1. So which residues in the stretch 61-97 are in contact with a strand residue (DSSP E or B) (Cβ under 6 Å, 6 or more places away or on another chain), hydrophobic (A, V, I, L, M, F, W, C) and farther than 15 Å from ILE12 by Cα?
2. Would a scan of the stretch 337-346 turn up a residue that is under 30 Å from TYR403 (Cβ atoms) and surrounded by 14 or more Cβ atoms within 10 Å (Cβ to Cβ)?
3. Only one of SER380, SER397 is at pLDDT 95 or above and hydroxyl-bearing (Ser, Thr, Tyr); which?
4. Is there any pair with a first residue in the stretch 202-231 that is in contact (Cβ under 8 Å) with a residue 40 or more places away in the chain and a second that is open to solvent by 90 Å² or more (accessible area, probe 1.4 Å) and outside any strand (DSSP E or B) whose Cβ atoms are under 9 Å apart and which are 6 or more apart or on different chains, and what are they?
5. In the stretch 306-326, how many are closer than 27 Å to SER253 by Cα and open to solvent by 40 Å² or more (accessible area, probe 1.4 Å)?
6. Tell me which strands (runs of 3 or more DSSP E) are completely within the stretch 44-138 and hold 3 or more residues being among the basic types (Lys, Arg) and either open to solvent by 30 Å² or more (accessible area, probe 1.4 Å) or without any contact (Cβ under 8 Å) to a residue 24 or more places away in the chain (or both), or say none if there are none.
7. Cβ-Cβ below 8 Å, separation at least six or inter-chain, first residue in the stretch 160-184 and on the phi > 0 side of the Ramachandran plot, second in a strand (DSSP E or B) and among the aliphatic types (A, V, I, L, M): which pairs?
8. Of the numbered conditions (1) surrounded by fewer than 13 Cβ atoms within 10 Å (Cβ to Cβ); (2) at pLDDT 80 or above; (3) not in a strand (DSSP E or B), GLY9 satisfies every one except a single condition; which is it?
Amino acid sequence: MSLEHLCFGNIIDVRVYGTYGKNTTFTTTIKPTSDRFTSVSWAVNGTSIITSTISNTIVEPKYADRTTLFRETGSLELRNLTNEDSGEYTVHIIPASGHLISGAAVLEVHHGPDTPTVHQHPNPAVEEERLTLSCASDSLPPATFTWEFQRRPLVPSPQHVIAQLDEDHLGNYTCTARNDLTGLVVSTVYTLNGSLVSPAYRKRIRLNTTSGWLDLWDLTVGDSGAYTVDITTHTDQQLNGSTGLNVYERVSSVTVTPNTTELLEFSSSVRMSCQVSTGTSLAYLWMNGSSEITVSSDRVQIGNGGTTLTILNVTRYDRGPYTCNVSNPVSNDVGWPLTLTIGYGPEQLAIIGPSLVEFGEVTLLYCSATSVPPPSYTWSLNGVLTDVQGPVFVIASVNSSDYGKYTCTAVNTLTDLSQAADHVVSFKGRPKG
């Protein structure tokens with residue numbers, strides 16, 4: 001082989017393009033001659049494809065049925081291209097003269113476009129809100145997209161946006177993907193059906209169009225009500241049904257509050273109110289200690305749907321403690337007990353202490369009364385008010401001035417009532433000295 005038939009630069013095109021499933025040829029710039037090359041080898045990304053010498057040709061198994069080597073020029077045909085065939089191809093040729101000839105090229109395989117896929121967001125669609133249809137297709141180079149709705153052209157773009165969805169937008173959308181290099185055009189039809197969701201149910205409802213089941217989550221009290229379903233089967237059979245849903249809010253933070261805190265026996269009335277922070281469809285149960293309160297007398301009234309308990313002309317035995325138990329079909333809660341302060345007295349006033357004392361001894365007199373709130377006490381001796389206040393009168397050392405009539409007076413500042421009791425202290429024996 002004469003040197004004028006050889007090129008010592010890059011002997012193949014730097015960039016080669018192929019189409020998925022088609023054939024391509026890496027054509028060298030060497031002119032055919034009658035002299036045979038000593039060897040020709042091709043590789044992709046450093047991995048051997050074929051090596052041919054004068055006596056033998058070795059082809060890698062994955063290329064056995066897909067390659068043809070033209071030994072006269074060193075060119076290589078690669079058939080039935082796949083994505084994996086993309087890469088850098090190198091050729092090394094040793095002619096009879098022994099001078100190595102090399103070349104390199106990058107192959108880009110263009111498949112596609114594949115059948116487009118359409119994605120809808122949000123799904124299910126929400127009435128009166130924005131909806132986007134996105135079309136995608138594997139393609140090299142990237143495909144261009146066009147849309148049609150009910151056979152009417154729309155703006156070319158990978159996405160079709162509906163600003164405010166309504167029933168007029170339901171129907172068939174056709175997305176067409178085009179690869180300008182391969183010349184292939186592929187379309188798909190996407191049906192935007194009638195599964196429109198009211199904004200109030202967005203992101204919390206799912207309809208199974210096969211079974212007709214409806215899943216609803218993140219329930220609110222507003223979801224309570226009567227539900228109906230109408231189904232038309234593929235055979236045009238009409239089916240319908242109805243059901244009811246009651247949604248209850250859990251009961252929490254029960255409190256019992258009286259309308260007044262100053263109560264007087266026989267003259268005051270009290271209204272206790274039971275309130276909750278949360279809860280619906282509530283039932284109320286009032287308790288006095290461990291006993292259930294029922295409307296069993298003219299003095300006890302339960303009103304306002306059970307939320308209030310009124311006691312007229314309270315007595316000291318109406319102090320409680322009162323609790324309010326609030327419940328609904330899914331929960332219950334009980335508030336802290338409330339104990340009423342009911343003013344009465346003073347009553348049953350008495351002075352406890354010795355009547356006979358000896359001269360010089362220590363003597364204590366105790367005054368007690370039944371009263372709510374506890375009364376204040378004052379003491380008098382022989383009709384003269386002393387400076388002693390409180391239930392105890394202390395005589396540190398009895399002398400002649402300590403004999404006589406002691407009067408204890410108890411005063412209830414809430415009821416504005418008072419009561420007095422007398423106790424006479426006499427000398428036991430003769431005074432000393």
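The values are calculated or read from the model by the stated rules, or taken from the named source; none is laboratory data. Remember, predicted model here, so these are calculated numbers, not experimental data. Cβ sites come from the backbone with ideal geometry, for glycine too, and all protein chains shown count toward neighbours. The protein model used for the area step is the full one, side chains on, heavy atoms only, and it has no ligands, DNA or RNA in it. Shrake-Rupley method; radii C 1.70, N 1.55, O 1.52, S 1.80 Å.
1. Hits for the stretch 61-97 are LEU81, ILE94.
2. Looking only at the stretch 337-346, we keep the residues that are under 30 Å from TYR403 (Cβ atoms), and these are 346.
Going one step further and asking which of them are surrounded by 14 or more Cβ atoms within 10 Å (Cβ to Cβ), we end up with 346.
Among the residues of the stretch 337-346, at least one is under 30 Å from TYR403 (Cβ atoms) and surrounded by 14 or more Cβ atoms within 10 Å (Cβ to Cβ), which makes the answer yes.
3. So the residue among SER380, SER397 that is at pLDDT 95 or above and hydroxyl-bearing (Ser, Thr, Tyr) is SER380.
4. Within 9 Å, the pairs are LYS203/ASP218; ARG206/TRP213; LEU207/TRP213.
5. Looking only at the stretch 306-326, we keep the residues that are closer than 27 Å to SER253 by Cα, and these are 306-311, 318-326.
With open to solvent by 40 Å² or more (accessible area, probe 1.4 Å) added as a condition, the list becomes 319, 321, 325.
The qualifying residues number 3.
6. Details: elements: 47-53, 57-59, 67-70, 75-78, 87-94, 101-110, 117-121, 131-136.
Correct list: empty, since no element meets the threshold.
7. Every condition considered, the pairs that remain are GLY171/LEU192.
8. Unmet for GLY9, out of (1) surrounded by fewer than 13 Cβ atoms within 10 Å (Cβ to Cβ); (2) at pLDDT 80 or above; (3) not in a strand (DSSP E or B): (2).
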